[in-house]
Amino acid sequence: MINKKKLIMIFTAGILIACSLFVSCSSLKNSELRSSMIHAQAFFRGGDYKEALDELSFILENDPENEKALSLRAETYFMLKDYKSAYNDCVQLVKKNPKPVYLIHKAETERELEMYADVIEDCKKVLSYDGIADGEAFACWNLLSVSYSECEMYEESLEYYDLVLEKYKHPEVYYERALSYLHLSNFEKALADFEKSIEQASKCSKEYQQNFYSDDFYYYYGACLLGSKKIKEALTSFKKIQDVGSYSKLNEYIQFCEKNK
């Protein structure tokens, strides 16, 4: 017959073995998840987004509260242009931790999904925080300028285009601000911005210039020149448009210019 002391020792040993096995399995699982995170980060940096996604999804299946993995998966979905999935991950991130960088990522996906009112709400929230980084403020200004413009709130968009251009004199920003001025029929300021966009684009590569000077650019630049009573220049711009069928008023504008040049 086993005495009480021996029975307690056997029982204690059993518990210790069980705990040891549990710790060992838990440690093994944690090691596997850390390895997957390292692989995911390497895949992401190398542009292998589908492989990164597989690793990150595995991590989150086993550790749903892993904020780092969720953040990187949101970025990975964004790079794959799966904006709806990126948005869903960003919503979870903001619920867990509404810090500026997560709100900005959420706003970026909302812009791609044309959820402009939500972009404005999220960016305004970020800008209301104390001590945000300059880069975070700049990202919000950029998102707000485009979103207000898309909502046809052109006066509001101008405020943020001005802030962006104080730090980043880029041809596309001048072009976008020109469009806001054009919608407000402020042809003088619109024309000045078109000319600045052309000046800045001339400093860029030939490949960039080929993409920048689109049919839309020539159409709106022509409309601005027409509004500024620069008839010959407007006609020259309109004539550069290749897909003429995309602009319902183009023929009317060309006929007017040819008649009055």
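Some values worked out for this structure:
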| quantity | calculated |
| --- | --- |
| Qualifying residue in region 168-183 (condition: assigned to a helix (DSSP H, G or I), over 20 Å from Tyr219 (Cβ atoms) and either open to solvent by 30 Å² or more (accessible area, probe 1.4 Å) or among the basic types (Lys, Arg) (or both)) | no |
| Subset of region 187-201 [open to solvent by 60 Å² or more (accessible area, probe 1.4 Å) and within 26 Å of the chain's Cα centre (by Cα)] | Lys196 |
| Residues of region 66-100 classified as under 23 Å from Arg45 (Cα atoms) and open to solvent by 50 Å² or more (accessible area, probe 1.4 Å), total | 10 |
| Set Tyr129, Tyr175, Tyr87: member being aromatic (Phe, Trp, Tyr) and within 18 Å of the chain's Cα centre (by Cα) | Tyr87 |
| Test for Glu51: is it on the phi < 0 side of the Ramachandran plot, surrounded by fewer than 20 Cβ atoms within 10 Å (Cβ to Cβ) and among the acidic types (Asp, Glu) | yes |
| Extreme residue, modelled with the lowest pLDDT, among residues of region 109-162 that are among the acidic types (Asp, Glu) and not in a helix (DSSP H, G or I) | Asp130 |
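To keep it simple, each residue is scored yes or no on (1) among the hydroxyl-bearing types (Ser, Thr, Tyr); (2) within 25 Å of Ser228 (Cα to Cα); (3) out of contact with any strand residue (DSSP E or B) (no Cβ under 9 Å at 6 or more places or on another chain).
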{"site": "Tyr116", "(1), (2), (3)": "yes, no, yes"}
{"site": "Gly135", "(1), (2), (3)": "no, no, yes"}
{"site": "Met153", "(1), (2), (3)": "no, yes, yes"}
{"site": "Leu158", "(1), (2), (3)": "no, yes, yes"}
{"site": "Leu165", "(1), (2), (3)": "no, yes, yes"}
{"site": "Pro171", "(1), (2), (3)": "no, yes, yes"}
{"site": "Ala178", "(1), (2), (3)": "no, yes, yes"}
{"site": "Tyr181", "(1), (2), (3)": "yes, yes, yes"}
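The values are calculated or read from the model by the stated rules, or taken from the named source; none is laboratory data. If you're wondering where the values come from, they're calculated on a predicted model, not measured in any experiment. In this analysis, Cβ positions are derived from the backbone assuming ideal geometry, glycine residues included, and neighbour counts consider all displayed protein chains. SASA here: full protein model, heavy atoms, side chains in, ligands and nucleic acids out. Shrake-Rupley method; radii C 1.70, N 1.55, O 1.52, S 1.80 Å.
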